[in-house]
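Quick notes on the structure that follows.
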Amino acid sequence: MRDAAKRFAGIAEAWEASAPIELRDQCVLTGFAAGVLTVVVPSASVTYALDRALREGLETTLREATGGKLVRVRSRVGAGPG
């Protein structure tokens, strides 16, 4: 469990450092297991913005932060922060 927490902390730090502020304010990282980062977004439009950011290099940055352990980012619409 401790290793999982360390991996998630590393990817959370990379997210805070690299994700556009609009996404950081609206998305919640909810888990990282089996190489899949789960991100909860408040709407379909934020899902689209997240997808664009991932394709423009955010996914590569996050993958590097996990030492290549990140396989994919899954988003689901749900309650956002706050």
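The values are calculated or read from the model by the stated rules, or taken from the named source; none is laboratory data. The structure displayed is predicted, hence computed values, not measured ones. Cβ atoms come from the backbone with ideal geometry, glycine included; neighbour counts cover every protein chain shown.
Residue check, residue 7 against (1) modelled with pLDDT under 85; (2) surrounded by fewer than 16 Cβ atoms within 10 Å (Cβ to Cβ), all met but one. Which one?
All conditions pass for residue 7, except number (2).
Does residue 57 satisfy the criteria of being touching a strand residue (DSSP E or B) at 6+ places or on another chain (Cβ under 6 Å), of a type outside the set (Val, Ile, Thr) and either modelled with pLDDT of 95 or more or surrounded by fewer than 16 Cβ atoms within 10 Å (Cβ to Cβ) (or both)?
Criteria not met by residue 57.
Of all residues being small (Gly, Ala, Ser) and within 11 Å of the chain's Cα centre (by Cα) in the stretch 11-52, which is surrounded by the fewest Cβ atoms within 10 Å (Cβ to Cβ)? Just the residue, please.
Restricting to residues being small (Gly, Ala, Ser) and within 11 Å of the chain's Cα centre (by Cα), the top hit is 31.
Scan the stretch 12-51 for residues that are more than 22 Å from residue 67 (Cβ to Cβ) and of a type in the set (Gly, Ala, Ser) and report the count.
4
Output the number of residues of the stretch 17-67 satisfying the condition of being among the charged types (D, E, K, R) and either under 23 Å from residue 79 (Cα atoms) or touching an Asp or Glu at 6+ places or on another chain (Cβ under 6 Å) (or both).
Number of matching residues: 6.
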